Structures are given as C-alpha cells and as structure tokens.
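Notes for the one structure printed next.
The values are calculated or read from the model by the stated rules, or taken from the named source; none is laboratory data. This is a predicted model, so every value here is computed, not measured. Backbone-built Cβ (ideal geometry, glycine too); neighbour counts: all protein chains shown. Remember, those area values only see protein heavy atoms, side chains included, never the ligands or the DNA or RNA. Shrake-Rupley method; radii C 1.70, N 1.55, O 1.52, S 1.80 Å.
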Amino acid sequence: MHFLDECQLRAEAGDGGKGALAFRREKFNPFGGPSGGDGGRGGDVLLIGDQGKTTLGDLAHLNRLQAERGGHGEGRDCNGRQGRPCELRVPLGTIVYDADTDARLGEILTHDEHLVVAKGGAGGKGNKHFVTATDRAPRRFGPGEPGETRNLRLELKVMADVGLLGFPNVGKSTFIRAVSRARPKVADYPFTTLRPHLGVVGVGDQGSGLGTSFVIADIPGLIPGASEGVGLGIQFLKHVERTRVLLHIVSLDDEAGRDPITDYLALRDELAAFSPALAQRPEVVALSKADLPEVRELFPELKDRFARELNKELHLVGAATRQGVDALIERLAVQLFGKQELDEMTSAP
Ligand SMILES: Nc1nc2c(ncn2[C@@H]2O[C@H](COP(=O)(O)OP(=O)(O)OP(=O)(O)O)[C@@H](O)[C@H]2O)c(=O)[nH]1
Ligand SMILES: [Mg+2]
C-alpha cells in the first residue's frame, strides 16, 4: 500500500477531577454527613472523519491535542463538570498508530466516524462514597485518574486505489454502492453524480481479520468533449489521477445506436487528452447491468470484439443482482496487489 502523507501528534486526554471532601453544615445540623461531590471525567481526544478533507498536511502544525480536565467535585453534593473533548477532523482513509509501540489504533473510513485515541480519566469519588458503619465522617476522597496520553502517527492512504470511469448512466454509482458503504445518488438520468465519492471495498474474509481492502472513487460521468469542458468537464479526473488502477464501465442499455466500443474509445481519447500518464494506468473494463437479458445476450459477441479489436478483456457485472461483482473485485485486487501478495494477505499462514 502506498501512503501519501503522514504526521505525528501528541494526544493528551483530560485528567479526571478530584472528588470533594465536604460536610453538610446547616443551621440546625452543624455536623451533617459528608457531602463531597464527584470529580468530572476528563475529556477524550478523538478523531472524526471528514469527507471534505483530503490531506493531513494542514494538521502537521498542531503537534499537540489537549482535552480539558474534569472539574473538581464540590460540597453540597455538586459533581464536577465533564472536561470538554478535543476533536480533530481528519480525511477519510486516515490510519492511526501509536507512534511509540506501532500498534494500530484504528482507521477512519466514513464521514463523521469517531475514534477515541486517548481516553479521559475517570473523576474521583467524593467523600460521601467512603462512609462506612464505623466512619460516618470520612475524610477520604478519590483523586481522579489521569487521562491517557499518547504519541500518534497518522497515515493517509492514497486517496483511492481504483478510479471508476464511464459515460453517465452506465451504473458507476450503483456499482460502488454494491461493493462499499459509499452512498452516491443513483438515478436514471445522466450526471446524477456531481462530485467524487469514495468507498472502501473489503477483499477476503473481513471477519477473520485476514482480509484487506482498497479504496475506490466514483466520479461524475464523462462524455466526448469533456476535455474541452463538455458535460461536467474532466476536472474530476484529477481525483483519479493518483489511483493505480482504473475501472472503466461500459453499458448497453442506453439510447439505441450506441456502441460500447465506440464509447470506450471516445473516453480513452478524453483520458489521454487530460493526462497521458493516467491513460497508461492499468485498466479493467466491465460491461454493466448483467441482469438485463439483452445485456447477457450480447455480452459474448462484445467480449469477443473487445478481445479482437482492442486486445482487452471485457468483464460482465450486474451490481443490482451482484452477478460477477465478487469476481470483478478479485480482478481489481489482483491488479492492485499482485496475485501472490493477495493470496498471502487473504489466507491463513
Ligand atoms: N437493471 C440494472 N440497472 C442498473 C444497474 N446499475 C445501474 N442501473 C441503473 O442505471 C441508472 C444509472 O445508474 P447510476 O449508478 O446512477 O449510473 P452512473 O454511472 O453513476 O451515472 P452518473 O452519475 O450520471 O454518471 C439507474 O437508473 C440505475 O438504477 C444494474 O446492474 N442493472
Ligand atoms: Mg453516478
């Protein structure tokens, strides 16, 4: 896996507040029982996923994340306030490590996802909790626990490993919805997708911890002339510029007279006009909407033509019914990681 950027931060959660040592002193009850409130919990340090962020670069200057300590308990049974948490918003795909032990603390993959990286200390108990049969007026109280502190190393995975490409309406968003938790809108009109969406695709058995994953980017559809600004233009291609593999989706069920090979070549031209380097990227091509009978019927001939005319393997995929979805993911994963590495990553030693 390649990493784009990395930064180090120190996380200091808040200490718990002290419990209070206090007694009730009322006009008619000058030697009342203990009334010390508890200390408040210290604030946590947490990272929150933000789909609007794309780099760790703007976090580098922070170097310390400090949450508030809990308030001390007070007399009259008043508990201390909870310390305010310290929250840092990070781009999706941020992986968090303990910099001292190299332990992986977690990964932030979805918008608004929270990851606590340093826990606030518990507040100390007030003296009223220490009453016993023999000690009605305890002078003990809890001191409050220290908050966790940790040196963190954040790493951001390349923005996406696989970039989705295709004409409007070919089913790009439906595909990314079928293989990940990304939720771009799907509709029966061109240019439904207006901005890029990222999805994380699991490969292998995720439950057993043996699987791996890659990130796929859905972008708005492209049409001929996109490189001159037709349609939504091609500025979105910059989002797939850093990907390592392209998934080019073609479809059949569009207005009559459209030929997937012509479509395919037209987008290849736009791609080359945008970036010759991107046009060199390894590419997997798939025909979508396999659940439609006419698609299945025409697939063999089309596959043949792709092989003969373009020397390209054409895959068949039906996101709606999941037909061929796993095989296509596997194909992409092999392309990304290599067959042998993938086998090693997804099978028990
Ligand atoms: N029958 C069938 N319809 C599909 C399938 N995948 C997508 N569609 C339909 O095709 C239409 C377009 O799907 P989208 O996923 O929005 O296509 P898109 O490529 O993301 O389109 P843009 O965002 O406009 O570029 C919708 O009406 C989908 O329901 C499929 O596997 N089978
Ligand atoms: Mg779309």
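Filter the range 166-200 down to the residues that are assigned to a strand (DSSP E or B) and under 16 Å from the mean Cα position of the chain (by Cα), then identify the one that is surrounded by the most Cβ atoms within 10 Å (Cβ to Cβ). So, considering only residues that are assigned to a strand (DSSP E or B) and under 16 Å from the mean Cα position of the chain (by Cα), the one surrounded by the most Cβ atoms within 10 Å (Cβ to Cβ) is Gly199. Please verify whether the range 18-33 includes one or more residues that are over 30 Å from Tyr97 (Cβ atoms), buried (at least 24 other Cβ atoms within 10 Å of the Cβ) and out of contact with any Pro (no Cβ under 6 Å at 6 or more places or on another chain). So far as the range 18-33 goes, yes, one or more of its residues are over 30 Å from Tyr97 (Cβ atoms), buried (at least 24 other Cβ atoms within 10 Å of the Cβ) and out of contact with any Pro (no Cβ under 6 Å at 6 or more places or on another chain). Select from the range 210-220 the residues that are touching a helix residue (DSSP H, G or I) at 6+ places or on another chain (Cβ under 7 Å) and part of a loop (DSSP other than H, G, I, E, B) and write down the one among them that is farthest from ligand 2 (Cβ to nearest atom). Filtering the range 210-220 for residues that are touching a helix residue (DSSP H, G or I) at 6+ places or on another chain (Cβ under 7 Å) and part of a loop (DSSP other than H, G, I, E, B), the one farthest from ligand 2 (Cβ to nearest atom) comes out as Leu210.
For Val334, all conditions in the list (1) of a type in the set (A, V, I, L, M, F, W, C); (2) open to solvent by less than 60 Å² (accessible area, probe 1.4 Å); (3) in contact with a strand residue (DSSP E or B) (Cβ under 6 Å, 6 or more places away or on another chain) hold save one; what is the number of the exception? All conditions pass for Val334, except number (3). When the range 284-312 is filtered for residues that are exposed (fewer than 13 other Cβ atoms within 10 Å of the Cβ) and over 16 Å from Arg258 (Cβ atoms), the ones remaining, listed by number, are Pro293, Glu297, Pro300, Asp304, Ala307, Arg308, Glu309, Asn311.
When restricted to residues that are over 11 Å from the mean Cα position of the chain (by Cα) and assigned to a loop (DSSP other than H, G, I, E, B), the range 78-114 contains 12. The condition (being without any contact (Cβ under 8 Å) to a residue 24 or more places away in the chain, more than 10 Å from ligand 1 (Cβ to nearest atom) and not assigned by TED's automatic domain parsing to the domain that holds Gly225) is satisfied by just one residue among Ala133, Ala122, Ala137: Ala133. Has the range 137-160 got at least one residue that is within 11 Å of ligand 2 (Cβ to nearest atom) and in contact with a helix residue (DSSP H, G or I) (Cβ under 6 Å, 6 or more places away or on another chain)? There is no residue in the range 137-160 that is within 11 Å of ligand 2 (Cβ to nearest atom) and in contact with a helix residue (DSSP H, G or I) (Cβ under 6 Å, 6 or more places away or on another chain). Of the helices (runs of 4 or more DSSP H) that lie entirely inside the range 291-349, those containing 1 or more residues that are closer than 17 Å to Val170 by Cβ, in contact (Cβ under 8 Å) with a residue 60 or more places away in the chain and in the same structural domain as Thr262 (by TED's automatic domain parsing) span 325-337. Taking the numbered list (1) closer than 20 Å to Glu330 by Cβ; (2) near ligand 2 (Cβ under 9 Å from one of its atoms) in turn, Ser173 passes all entries but (1). Condition check: open to solvent by less than 80 Å² (accessible area, probe 1.4 Å) and either among the acidic types (Asp, Glu) or in a loop (DSSP other than H, G, I, E, B) (or both). Does Gly49 satisfy that? No.
Residues are listed down the side, and each one gets a yes or a no for (1) surrounded by fewer than 22 Cβ atoms within 10 Å (Cβ to Cβ); (2) part of a loop (DSSP other than H, G, I, E, B); (3) on the phi > 0 side of the Ramachandran plot; (4) free of Cβ contacts under 8 Å to residues at least 12 places away in the same chain:
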site	(1), (2), (3), (4)
Glu6	yes, no, no, no
Arg10	yes, no, no, no
Asp15	no, yes, no, no
Gly39	no, yes, no, no
Lys53	yes, yes, no, no
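Within the range 313-331, being surrounded by fewer than 15 Cβ atoms within 10 Å (Cβ to Cβ) and among the hydrophobic types (A, V, I, L, M, F, W, C) holds for one residue alone: Ala327. Scanning the range 211-251 for residues that are in contact with a strand residue (DSSP E or B) (Cβ under 6 Å, 6 or more places away or on another chain), touching a residue at least 24 places away in the same chain (Cβ under 8 Å) and away from ligand 1 (no atom under 13 Å from the Cβ) returns Gly211, Thr212, Phe214, Val215, His239, Val240, Thr243, Val245, Leu246. If you go through the range 56-71 and keep only what is part of a loop (DSSP other than H, G, I, E, B) and in contact (Cβ under 8 Å) with a residue 60 or more places away in the chain, you end up with Leu56, Ala67, Arg69, Gly70. Taking the range 223-247 as the range and being under 23 Å from the mean Cα position of the chain (by Cα) and open to solvent by less than 10 Å² (accessible area, probe 1.4 Å) as the test, the residues that pass are Leu237, Val240, Thr243, Val245, Leu246, Leu247.
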